[in-house]
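Undergrad: One structure follows; several queries about it will come next.
The values are calculated or read from the model by the stated rules, or taken from the named source; none is laboratory data. Please read all numbers here as calculations on a predicted model, not as lab measurements. Neighbour counts run over all protein chains shown; Cβ positions are idealised from the backbone, glycine included. In case anyone asks, the SASA skips ligands and DNA or RNA and just uses the protein heavy atoms, side chains included. Shrake-Rupley method; radii C 1.70, N 1.55, O 1.52, S 1.80 Å.
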Amino acid sequence: MACVISLRRTWLVLFFFVSSWAGVAQEKFTLNGYVKDGGNGEALIGATVLIKEISGGGATNVYGFYSVTLAPGTYTVEYSYIGYASQSQTISIDSNQRLDIELAASGTQLEEVVIKGEAEDENVSSVEMSTNKLDVKTIQKIPAFLGEVDVLRSIQLLPGVSSVGEGSSGFNVRGGNVGQNLVLLDDAPVYNSSHLFGFFSVFNPDAVKDIKLIKGGVPANYGGRLASILDVRMKEGNSKEMEVSGGVGTVFSRLAVQGPIKKDKASFLVAGRRSYVDIFARPFTGDATLFFYDLTTKVNYDINKKNRLFLSGYFGRDVFRFDEQQGFDWGSITGTLRWNHLFNDRLFSNFAFFVSTYDYGFSFGENDLDRFDWESRILTYTFKPSFNYFLNTNNELLIGGETTLYDFKPADAQGVSDGVVTDISLDEKFSLESAVYVDNTQKVNDRLTLKYGLRFSTFQYLGVNTVYDYEIVEPGRRQQLVSEEEVDPSDIIESFSNWEPRFSFRYQIGKGSIKGSYMRTAQYIHLISNTAASTPIDLWTPSTNNIDPQIGEQVAFGYFRNFGSGNTYEASIETYYRDNQNQLEFVKGADLFLNEFIEGDLISGEGRAYGVEFSLKKNKGKLNGWISYTLGRSELRVDGINRNEWYPTRFDQTHNLKIFGSYILSARTSFSGNFTFISGAPVTAPTSRFTQQGLVIPFDYFDSRNGLRVPSTHRLDLSLTIQMRTEKKGRVRKNSDELVISLYNAYGRRNPFSIFFAQEDGQVLPGDPVNTLAYRFSIVGAPVPSISYNFKF
């Protein structure tokens with residue numbers, strides 16, 4: 001309780017500090033406003049505002065807002081954004097001024113792969129490092145599985161990003177596990193980001209505007225995960241005119257409708273998808289079915305020049321049924337309400353409230369008299385105020401806080417035998433996470449820029465259940481239960497708090513720059529999984545009196561350089577090292593299924609991940625794309641496991657090579673391809689065996705972990721995009737459509753998902769030799785052609 005009171009007091013001090021600061025230093029004047037797309041009214045994130053007379057300025061925030069403080073005088077202001085025609089204004093500053101700008105799309109944008117949406121030298125001049133940004137237009141060029149554009153598969157082509165295999169859910173960043181990535185959709189956390197066991201993501205490309213992946217140097221306004229932040233921003237909806245887009249593909253179809261509710265004042269967006277493999281397969285599969293659907297919605301309203309409201313939501317579900325009685329399903333729901341308020345010309349605020357839930361359930365049994373049903377869920381409520389204060393052209397301050405209430409339901413389960421119902425549910429768990437933060441970006445001079453911040457987070461594991469205490473009897477083995485106690489709802493069972501400093505710098509050297517960063521992060525919730533790949537039925541659990549929060553510290557350094565006419569080429573090299581504490585592992589024979597004493601099967605240790613990332617990009621011309629290569633390691637050390645020695649994690653991939661290229665064949669035709677090569681993932685394999693009555697029983701004599709690797713994976717994907725006619729009867733068509741022909745796994749590589757061992761001939765006669773074999777299991781083992789049709793009008 002003392003931590004909560006301290007946090008409230010800190011938050012009040014910060015709020016009054018900003019409010020009072022915003023009222024001083026008015027001897028200069030402020031130019032502010034929004035930069036938007038002139039075609040649809042969408043805010044442009046990271047658009048550059050350059051004051052030529054002072055060779056400085058700023059950039060728009062995630063809502064397209066900018067603010068520049070200047071001395072009285074006449075200035076030339078240039079607004080620019082990649083893919084759009086720049087616009088210059090000559091402005092006399094003798095008072096505070098509001099100037100909203102709309103930029104027109106450039107006619108040459110089809111010849112560019114836009115990997116980020118800011119100034120052409122942003123990767124060199126910005127203090128950000130270990131950060132990648134993808135434009136939806138770029139993602140649409142990348143060959144995809146069954147021809148369907150996918151956000152998660154696209155970011156896996158970036159340096160430091162991978163997955164444990166084809167068909168695996170989520171993604172891994174710099175050797176971290178899936179649960180160490182914070183995935184956000186319009187600020188709301190997404191706890192499972194995949195459809196159809198990982199083949200597709202939950203993000204509808206027709207509804208996505210901006211994608212930002214942060215692997216290091218995480219700003220203080222983000223927290224709660226160790227490995228990365230994936231921040232996905234939805235479109236706001238066309239505020240100029242009605243627009244309909246969509247596509248018909250091999251696996252699913254999609255449709256998006258957006259338009260103004262009141263022109264330039266309010267707009268809406270509705271986008272939906274539904275797979276239909278189950279419909280076509282029904283004559284052959286009977287009642288068995290597998291499909292997914294999702295719906296993404298958003299409305300926004302400009303109340304006046306100082307206030308704007310946003311309401312967005314996501315609703316998605318996967319269904320996998322064996323028949324009418326048996327199967328399982330899983331899905332997510334998020335909802336975000338945001339209020340932008342401009343206190344004055346320099347102080348921009350955003351107040352957000354969001355709800356997110358992920359649940360899954362499955363049922364088995366032929367009738368109601370003999371069956372088993374299980375449901376599980378995580379539900380969160382979050383309030384997050386933030387204040388963006390533009391001190392001057394050299395300092396931008398970000399202050400805010402957030403509070404999240406967690407409701408974990410590990411199992412609501414019932415078994416029915418001969419009509420007798422047995423309730424085997426597990427208790428719900430509740431917790432409260434809060435944080436306050438301050439972050440400043442400071443331009444010291446033309447060469448040196450600093451970004452520094454501090455985050456203070458607290459976490460309370462709350463009552464309403466039975467509390468168990470365990471102790472370690474033998475390292476690496478199941479812990480012993482020593483006591484249990486019933487607690488009241490008002491009790492705080494365990495409390496944690498952590499200071500999380502953040503620091504980054506950028507120093508310009510000629511046409512390049514050196515960057516460095518340090519961050520400390522705390523993660524209070526944990527994804528429990530003992531499978532090679534994340535699955536829909538993995539379990540989220542809070543830090544408790546038996547599970548400490550994960551703590552991570554990462555340092556990174558890099559060199560960034562652009563070259564060629566107009567910064568055609570971008571090159572970078574980054575090295576990183578991350579030290580993790582309290583990493584969860586499992587005892588041998590751990591039981592994660594409906595285990596009331598699961599915390600006794602969890603043990604913790606230390607982790608480390610280190611490596612170097614290389615990236616070369618070509619942004620302009622008929623041929624463009626990128627090459628990325630990562631050399632890295634990810635390791636754990638846990639008392640009682642692997643003879644107390646370091647061993648590779650399941651996500652350790654030493655070599656990771658990605659190549660993507662796109663070539664414009666003609667005004668209406670383009671060709672794309674990507675190639676990936678990844679070292680095999682570690683697996684635990686038996687080292688010995690004994691034979692009992694002709695049956696081989698494998699076992700690990702040395703109690704080692706992940707001592708074997710599956711073979712390396714590599715794959716080539718190709719796609720051809722053909723624009724349909726752009727003219728009709730000599731006039732330019734307002735509508736546009738295209739045909740995309742794709743070939744996934746072009747040369748039919750059988751990439752191993754896992755390796756398992758089995759007896760060759762089953763049981764044999766006494767005295768005969770018993771042979772065992774290693775079998776390779778592949779998800780996709782042949783070329784997969786597809787065709788899809790996309791339209792927009």
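Undergrad: Over all pairs of distinct alpha carbons, what does the Kirkwood formula give as the hydrodynamic radius of the stretch 440-493, in Å?
TA: It is 15.9 Å.
Undergrad: Sticking with this one: Among the lysines, select those whose C-alpha is under 21 Å from the C-alpha of LYS265, and discard any that sit fewer than 8 residues away in the same chain.
TA: Within the straight-line limit of under 21 Å, LYS265 reaches these lysines: LYS36, LYS209, LYS235, LYS240, LYS298, LYS305, LYS306.
Undergrad: Something else about it: Taking 51 Å as R0, compute the FRET efficiency from the Cβ-Cβ separation of SER95 and SER565 and round it to 0.05.
TA: Step by step, r from the Cβ atoms, then E = 0.80.
Undergrad: Tell me which GluC sites (Glu not before Pro) from the stretch 277-382 have a DSSP coil assignment and no more than 16 other beta carbons within 10 Å of their own.
TA: Passing both the DSSP loop test and the Cβ count: GLU324.
Undergrad: Under the rule a/c < 1.5 gives rounded, and otherwise a/b versus b/c splits prolate from oblate, where does the stretch 563-699 land using the Cα gyration tensor?
TA: Cα axes put the stretch 563-699 in the prolate bin.
Undergrad: If you roll a 1.4 angstrom probe over the protein chains with everything in place, what fraction of the accessible area of the chain belongs to carbon and sulfur, to the nearest %?
TA: C and S atoms contribute 57 percent here.
Undergrad: Send over a whole-number figure in Å² for the accessible area per residue of the chain, probe 1.4 Å.
TA: With the other protein chains kept in place, the chain gives 42 Å² per residue.
Undergrad: By the gyration tensor of its Cα atoms, with a ≥ b ≥ c the square roots of the eigenvalues, what is the shape of the stretch 161-300: rounded for a/c under 1.5, prolate for a/b over b/c, or oblate?
TA: The shape class here is oblate.
Undergrad: Something else: Can you check how the C-alpha radius of gyration of the stretch 290-396 compares to 2.2 N^0.38 Å, as a plain ratio?
TA: Compactness ratio reported: 1.66.
Undergrad: What spacing in nm lies between the two simple spin-label points modelled at ILE472 and TYR301, each 7 Å away from Cα in the Cβ direction?
TA: 5.7
Undergrad: I'd like to know how the chain sits against the 2.2 N^0.38 Å rule of thumb: what's its Cα Rg over that expected value?
TA: Expressed relative to 2.2 N^0.38 Å, the Cα Rg reads 0.98.
Undergrad: Around GLN723, what is the net charge, scoring Lys/Arg as +1 and Asp/Glu as -1 over all other residues with Cβ under 12 Å from its Cβ?
TA: +1
Undergrad: May I ask you to list the chymotrypsin sites (Phe, Trp or Tyr not before Pro) in the stretch 542-604 that are in a DSSP loop and have at most 15 other Cβ atoms within 10 Å of their Cβ?
TA: PHE593, PHE597
Undergrad: With a cut-off of at most 10 other beta carbons within 10 Å, and DSSP calling the residue loop, which trypsin sites (Lys or Arg not before Pro) in the stretch 409-492 qualify? Please list them.
TA: Sites meeting the loop and neighbour criteria: none at all.
Undergrad: What angle do you read, to the nearest 10 degrees and between 0 and 90, between the alpha-carbon axis of helix 2-21 and the longest principal axis of the chain?
TA: Between helix and principal axis, roughly 20 degrees.
Undergrad: If you stretched the chain out fully between ARG750 and ASN530, how much longer would it get, using 0.36 nm times the residue separation minus the C-alpha to C-alpha distance?
TA: 76.8 nm
Undergrad: Then there's this: How are the C-alpha pair distances of the stretch 637-697 spread across 5 Å bins, as whole percents from the shortest bin up?
TA: 4, 12, 11, 11, 11, 10, 10, 8, 6, 5, 5, 4, 2, 1, 0
Undergrad: Can you show me the helix-derived [θ] at 222 nm for the chain, built from DSSP H runs with n ≥ 4 at -39,500 (n - 2.57) apiece and divided by the number of residues, rounded to the nearest 500.
TA: -1500 deg cm²/dmol
Undergrad: Rounded, prolate or oblate: which one fits the stretch 231-679, using the alpha carbon gyration tensor with axes a ≥ b ≥ c (rounded when a/c is under 1.5, else prolate when a/b beats b/c, else oblate)?
TA: Rounded is the answer for the stretch 231-679, as its axis ratio a/c remains below 1.5.
Undergrad: Right, something else. How far is the Cα center of the stretch 715-742 from the Cα center of the stretch 570-602, in Å?
TA: Between the Cα centre of the stretch 715-742 and that of the stretch 570-602, the gap is 46 Å.
Undergrad: Calculate, for SER736 and GLU553, the FRET efficiency according to 1/(1 + (r/R0)^6) with r their C-beta to C-beta distance and R0 56 Å; round to the nearest 0.05.
TA: Step by step, r from the Cβ atoms, then E = 0.70.
Undergrad: Give me the percent relative contact order of the chain, please, defined on Cα pairs under 8 angstrom at least 6 residues apart.
TA: In percent, rounded to a whole number, it is 10.
Undergrad: Under a Cβ-Cβ cut-off of 12 Å, what is the net charge of the residues other than ALA352 that fall near it, where Lys and Arg count +1 and Asp and Glu count -1?
TA: Neighbour charge sum, excluding ALA352 itself: -1.
Undergrad: Given a cut-off of 27 Å, name the pairs among LYS263/LYS443; LYS137/LYS728; LYS212/LYS409; LYS133/LYS263; LYS212/LYS617; LYS620/LYS658 whose C-alpha atoms lie farther apart than that in the structure shown.
TA: Pairs exceeding 27 Å: LYS263/LYS443; LYS212/LYS409; LYS133/LYS263.
Undergrad: Right, next: Rounded to whole Å and ordered largest first, report the semi-axes of the equivalent ellipsoid of the stretch 438-595 derived from its Cα gyration tensor (root of 5λ).
TA: The answer is 44, 20, 13 Å, longest axis first.
Undergrad: Something else: Could you state how much accessible area LEU255 has, in square angstrom rounded to the nearest 10, with a 1.4 Å probe and all protein chains kept in place?
TA: 90
Undergrad: Tell me the label-point distance for the pair PHE372, ALA104, using the 7 Å Cα-to-Cβ offset, in nm and rounded to one decimal.
TA: Here the answer is 6.6 nm between the modelled labels.
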